[in-house]
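Trainee: Pasting in a structure now, in structure tokens, and then I'll have a few things to ask.
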Amino acid sequence: MTECPTHGMVLAAGLGRRMRPITDNLPKPLVPLAGKTLLDRALDQLQAVNVSAATVNLHYLGDMIEDHLAARSKPRITFSWETDLLLETGGGVAAALMTLGNNPFYVVNADIAWEDGSHLALNRLAEFWRDDTMDALLLLHPIAQATGYDGAGDYRYDDQGVLTRRRDDATAPYVFCGVQLLHPRLFADAPAGPFSLTRLYDEAEVSGRLFGIVHDGAWHHIGTPAGLAEAEEIFGTIPTTGDDSNGG
């Protein structure tokens, strides 16, 4: 990619049921990890690669997220409210497309934390992107090295980075990290209402336009209080970047 993405989105509308009782009165994106909220960690990662505008979708206790981000100046925040209906990952991004521009944009989950390896992971996605062949580029992590994750994996990939989803196989070697670069054209035939991004990944896979790269740093899925405690042990030793209020 000749120009780095300037727009990104953080998926922050989930209910956080598996994180209860922590999320009884706190939205999951505002759960702190090593002194910094999961949401601020995601936004700091976007800011670190010069994303100037970020969309945050809201549903459960969304007012608290709005209040928390009121003092943040970078990146510039736009909120996409899912007041009446939770739209899931795909529907949430589709509803916010008008705020994300006409070029490839980042989408980051708010229930993960990662440490960059040799290079910033988001920059690695941008560098690998090929607009003529890709509609979606996913960041993957080896399941053997993932913490806070007990699933069977999501994808296999070939030496060109082309992805194949696990489906009926017992396991796959890589889990999708919840970090990705997407082109708006991926949503050209997206349905109305709630749907999972996996539906669009599958369509891109059929057309040979779903790609991935493997993350070369630490990655942790934070789905439960136990997973959060495990992440505290790991990420509590990793220096954080920026300030919680405005990302520095």
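Trainee: What is the sum of charges, Lys and Arg at +1 and Asp and Glu at -1, for the other residues whose Cβ falls under 15 Å from the Cβ of Ala172?
Mentor: With Lys, Arg at +1 and Asp, Glu at -1, the neighbours total -3.
Trainee: Would you grab the residues whose amide H sits under 5 Å from the one on Met9? Only those 5+ places off in sequence or on another chain, please, with H modelled 1.01 Å from N.
Mentor: Here the answer is Thr55, Tyr106, Val107, Val108, since their amide H atoms fall under 5 Å of that of Met9.
Trainee: Residues of the range 101-184: accessible area per residue at 1.4 Å, in Å²?
Mentor: 44 Å²
Trainee: For His215, what residues show an amide H to amide H distance below 5 Å, using hydrogens built from the backbone and excluding near sequence neighbours?
Mentor: Those lying under 5 Å, H to H, from His215 are Leu140, His141.
Trainee: Here's a follow-up. Would you mind telling me which residue in Ala42, Ala70, Ala13 has the biggest mean-square fluctuation in a Gaussian network model of the chain, where springs connect alpha carbons within a distance under 10 angstrom?
Mentor: Top of the fluctuation ranking is Ala70.
Trainee: Okay, moving on. Please compute the modelled spin-label separation between Val206 and Glu230, points set 7 Å along Cα→Cβ, answer in nm with one decimal.
Mentor: Label at Glu230, label at Val206, 3.5 nm between them.
Trainee: With the chain treated as a Gaussian network of Cα nodes joined by springs under 10 Å, which of Gly223, Gly35, Gly148 yields the largest mean-square fluctuation?
Mentor: Checking each option, the largest mean-square fluctuation is seen for Gly35.
Trainee: In addition: Please compute the length gained on full extension between Arg20 and Asp63, using 0.36 nm multiplied by the number of residues separating them and subtracting their Cα-Cα distance.
Mentor: 13.6 nm
Trainee: Still on this model: Given q = 0.19 Å⁻¹, what are the Debye log10 I(q)/I(0) values for the range 45-204, with equal point scatterers placed on the Cα positions and solvent ignored?
Mentor: Here the Debye-derived log intensity ratios amount to -1.46.
Trainee: Using R₀ = 22 Å, calculate the FRET efficiency as 1/(1 + (r/R₀)^6) where r is the Cβ-Cβ separation of Leu85 and Thr198; round to 0.05.
Mentor: With a Förster radius of 22 Å, E is 0.70.
Trainee: Summarise the accessible area of the chain (1.4 Å probe, protein heavy atoms) by the percent that is carbon and sulfur.
Mentor: Ligands and nucleic acids excluded, carbon and sulfur reach 49 percent.
The values are calculated or read from the model by the stated rules, or taken from the named source; none is laboratory data. Note that the structure is a prediction, hence the values are computed from the model and not measured. Counting neighbours? That spans all protein chains shown, and the Cβs are built from the backbone with ideal geometry, glycine included. These accessible areas exclude ligands, DNA and RNA; they are computed on the full protein's heavy atoms, side chains included. Shrake-Rupley method; radii C 1.70, N 1.55, O 1.52, S 1.80 Å.
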